[in-house]
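The next block holds one structure in the form of structure tokens; read it before the comments.
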Amino acid sequence: MRSRLLSLLALLVALFVAVPAASAATAETATTKVVKVGKQKVGYRTFGSGRPLVMVMGLGGTMDSWDPTFLDALAAGGHRIVLLDNEGVGKTTALKGNLTMARMADTTAGLIKRLKLSRPDVAGWSMGGMIAQSLAVRHPKSLRRLILMATAPGDGKGAAPTPAALQELTHPSGTAALLQLLFPPDQTTALTNYVADLVKRPQIQPQAPASQSVKQTSATGAWLIGQEREGRRVGNLTLATLIGGGELDQLLPLGNQRHLAELIKRSQLVTYPDAAHGFLFQHADDWVPRMLAFLG
């Protein structure tokens, strides 16, 4: 009897060892989920474990516009990464009325509450940084720390895109023209690596619908010229903030990040002389450790 039990135990142990543990989700494999936030459906992905870090995408982008290698490095630093699509993008539905940073900030705050994230850290890139600023002003108890990447203030004193950047933004080639603005002309390796990383995720859709990008452009313009009250109140923020930018950025020139660093008292500014709007990917080997050190 004892020998039979031992044999059975050995068999069970062998079966347990033979069955591989379910692999943890990554930026490449995380599934897109949808939750109801008020009258809106919001598409999101989450992977990793630890203190939540909510990543807010910029104008014309989707969750697929984040470099998976960049995201996985943040997750490996001990964070649960939460991505979402902004209003009218992907599986996030559009609402009636004019699109504003405040409304997109409320969507983000609603997702944070719906997922019970309990004061996560929030990072926003480009227009996503404007949304993150509005979120911090409108919902100060919804987040702990703030990271603003290649973005701009909303007090009407920021620097506008250069004429060359505006011309590229309206270029018929669309995505191809925008990609050229992410990295300086002499950084072709950074551009190639970014694109190669994006396509690691199957069936990517890195571009928002053209009609929604037009609405986002209008909302961004209103923010830049100080038409949203939250933009005029960013100087009242007291939470710890990390600001980053590329000194060759033509979309949202470095003067914007410098102005934000002056406005937000508990902020620190990091800039990269040979980088542009996509500095966070070009210099991920330096920027990611800075993010992780800041978040603690």
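Do any strands (runs of 3 or more DSSP E) lying entirely in region 62-173 carry at least 3 residues that are touching a residue at least 24 places away in the same chain (Cβ under 8 Å), over 21 Å from LYS33 (Cα atoms) and not hydroxyl-bearing (Ser, Thr, Tyr), and which ones are they?
Values: elements: 79-84, 121-125, 146-149.
Output list reads 146-149.
Out of everything in region 228-266 that is polar (S, T, N, Q) and touching a residue at least 40 places away in the same chain (Cβ under 8 Å), what residue ends up being nearest to PHE183 (Cα to Cα)?
Initial filter on region 228-266 (polar (S, T, N, Q)): 236, 238, 241, 250, 256-257.
Among the residues that remain, those that are also touching a residue at least 40 places away in the same chain (Cβ under 8 Å) are: 236, 241, 250, 256-257.
Working: ASN236: 33, THR241: 24, GLN250: 10, ASN256: 18, GLN257: 17 Å.
This residue is GLN250.
Contact annotation: residue pairs with Cβ atoms under 7 Å, 6 or more positions apart or on different chains, pairing a residue in region 267-296 that is without any contact (Cβ under 8 Å) to a residue 24 or more places away in the chain with a partner that is surrounded by 15 or more Cβ atoms within 10 Å (Cβ to Cβ) and among the aliphatic types (A, V, I, L, M), are HIS283/ALA275. Of all residues in region 43-56 being closer than 20 Å to PHE294 by Cα and of a type outside the set (Val, Ile, Thr), which is surrounded by the most Cβ atoms within 10 Å (Cβ to Cβ)? The residue in question is LEU53. Quick one: is LEU191 within 16 Å of HIS277 (Cβ to Cβ) and in a helix (DSSP H, G or I)? Yes; evaluated as a whole, the condition is true for this residue. The set of residues in region 68-122 that are over 22 Å from HIS283 (Cα atoms), surrounded by 18 or more Cβ atoms within 10 Å (Cβ to Cβ), in contact with a helix residue (DSSP H, G or I) (Cβ under 8 Å, 6 or more places away or on another chain) and among the polar types (S, T, N, Q) comprises ASN86, THR92, THR100, THR108.
Going by the conditions given, is LEU178 outside any strand (DSSP E or B) and in contact (Cβ under 8 Å) with a residue 24 or more places away in the chain? So LEU178 fits the description; yes.
Each value in this text was obtained by applying a stated rule to the coordinates, not by laboratory testing. The structure presented is a predicted model; accordingly, all values stated were derived computationally and were not measured. Every residue, glycine as well, gets a Cβ built from its backbone with ideal geometry; the counts of neighbours run over all protein chains shown.
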